[in-house]
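What follows is a set of notes on a single structure, which appears directly below.
The values are calculated or read from the model by the stated rules, or taken from the named source; none is laboratory data. Every value quoted in this text rests on a predicted model; they were computed, and no experiment measured them. Every residue, glycine among them, receives a Cβ derived from its backbone with ideal geometry; neighbour counts consider all protein chains shown. Please note that ligands, DNA and RNA were not included when accessible areas were found on the heavy atoms of the full protein model with its side chains. Shrake-Rupley method; radii C 1.70, N 1.55, O 1.52, S 1.80 Å.
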Amino acid sequence: MEIVYTIVVAIALFVLLRAGRYFLGIATRNNYYHSYFLRIFPWLEVILWFVFIFWTLTMFFGGTSLYPVISGSMAVAFVLLFSWFVLRDFFSGAVIRASQALEPGIFIKSDVLSGTIISLGYVSMVIRSVEGERIIIPYSRLAGKHISRMESREKWKSQAIKMEISQKQGAQNIQKSIKRKILELPWVIAGEEIKVNLMPFDDCYVAEISFQSMKEDMLPVTEEILREYVRKEFSSD
């Protein structure tokens with residue numbers, strides 16, 4: 001009879017967790033704490049499954065001399081599993097941050113990634129890739145990898161570009177598109193504010209684009225890339 005109870009509870013827990021993930025995900029999708037739900041719920045699933053395992057062991061071995069040994073082994077396994085997932089990133093992060101003197105705004109390159117650091121946490125870092133994507137990287141992925149970094153903040157260069165853009169696409173869309181394009185350029189500092197000011201002039205905007213760059217000599221290349229992008233994306237035809 002205990003086997004039947006165990007199977008029923010396992011199926012019920014599986015269905016409950018799947019349904020909870022689905023419905024709670026929908027309920028929080030448009031809320032600011034949706035990202036917290038996505039991070040916490042997987043750990044909640046792990047904890048509930050471990051509780052289920054302990055409950056099963058108690059049901060089958062609770063009255064035997066083996067129960068203390070089995071339950072103690074499960075507790076140790078849980079602690080080791082938690083340590084392996086969390087503490088490995090924590091210690092790897094401490095070593096990497098100390099050895100490389102990392103800080104937001106620095107461009108780094110390794111065997112597994114390249115991009116500009118946006119923020120540094122205890123177990124992971126957030127970077128802006130050369131394609132403009134925001135990526136969360138656990139420190140354990142960087143452990144043992146060669147990491148190179150670009151110039152420090154003091155060597156950054158403030159740069160500005162002016163150009164005319166058709167008003168056809170609308171000011172807000174133009175600003176978002178240009179910022180996204182600039183973030184794709186690996187020499188632009190993603191962690192710094194990028195400004196796109198638009199001033200109406202006849203049937204177009206005069207756009208003043210300002211940003212921080214790692215290299216002063218990349219301004220002509222940046223301007224050429226942006227003008228080609230504007231010509232293709234915001235043509236007045």
query = Restricting the stretch 96-111 to residues that are small (Gly, Ala, Ser) and not in a helix (DSSP H, G or I), which is farthest from Leu183 (Cα to Cα)?
reply = Ala101
ask   = So Ile137 fits all but one of (1) more than 23 Å from Ser177 (Cβ to Cβ); (2) more than 12 Å from the chain's Cα centre (by Cα); (3) among the β-branched types (Val, Ile, Thr); what number is the exception?
value = (2)
message = List the helices (runs of 4 or more DSSP H) inside the stretch 1-82, counting only whole elements, that have at least 3 residues being within 23 Å of the chain's Cα centre (by Cα) and more than 26 Å from Val123 (Cβ to Cβ).
response = 2-28
request  = Could you tell me whether any residue of the stretch 25-44 is open to solvent by less than 100 Å² (accessible area, probe 1.4 Å), at pLDDT 75 or above, under 26 Å from Pro138 (Cβ atoms) and of a type in the set (A, V, I, L, M)?
outcome  = yes
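Of all residues in the stretch 77-94, count the ones that are open to solvent by less than 60 Å² (accessible area, probe 1.4 Å), without any contact (Cβ under 8 Å) to a residue 40 or more places away in the chain and not hydroxyl-bearing (Ser, Thr, Tyr).
Here is the first cut: in the stretch 77-94, the residues open to solvent by less than 60 Å² (accessible area, probe 1.4 Å) are 77, 83, 86, 89, 92-94.
Now narrow it down to the ones that are without any contact (Cβ under 8 Å) to a residue 40 or more places away in the chain: 77, 83, 86, 94.
Checking which are not hydroxyl-bearing (Ser, Thr, Tyr) leaves us with 77, 86, 94.
So the answer is 3.
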query = What are the residue pairs meeting all of these: first residue in the stretch 195-211, first residue without any contact (Cβ under 8 Å) to a residue 60 or more places away in the chain, second residue open to solvent by 30 Å² or more (accessible area, probe 1.4 Å) and hydroxyl-bearing (Ser, Thr, Tyr), Cβ atoms under 6 Å, and 6 or more apart or on different chains?
reply = Lys195/Ser210; Leu198/Tyr205
task = Could you grab the pairs with beta carbons closer than 9 Å, sequence gap of 6+ or different chains, first residue in the stretch 55-76 and under 18 Å from Ile7 (Cβ atoms) and of a type in the set (A, V, I, L, M), second one outside any loop (DSSP other than H, G, I, E, B) and open to solvent by less than 80 Å² (accessible area, probe 1.4 Å)?
result = Leu57/Tyr67; Leu57/Ile70; Leu57/Ser71; Leu57/Met74; Met59/Thr6
task = Please identify the pairs in which a residue from the stretch 147-171 that is closer than 30 Å to Gly93 by Cα and surrounded by 13 or more Cβ atoms within 10 Å (Cβ to Cβ) has its Cβ atom under 7 Å from the Cβ atom of a residue that is hydroxyl-bearing (Ser, Thr, Tyr) and at pLDDT 75 or above, counting only partners at least 6 apart or on another chain.
result = Ile147/Ser110; Trp156/Ser213; Lys157/Ser213
task = Could you tell me whether Ile127 is surrounded by 12 or more Cβ atoms within 10 Å (Cβ to Cβ), within 30 Å of Cys204 (Cβ to Cβ) and among the hydrophobic types (A, V, I, L, M, F, W, C)?
result = no
note = Filtering the stretch 112-124 for residues that are over 18 Å from Lys179 (Cβ atoms), in a strand (DSSP E or B) and open to solvent by 20 Å² or more (accessible area, probe 1.4 Å) leaves a count of 4
request  = Pairs only if they're at least six apart or on different chains, beta carbon under 9 angstrom, first in the stretch 95-112 and more than 17 Å from Val123 (Cα to Cα), second open to solvent by 70 Å² or more (accessible area, probe 1.4 Å) and in a strand (DSSP E or B); list them, first residue then second.
outcome  = Ile106/Arg149; Phe107/Arg149; Ile108/Arg149; Lys109/Arg149
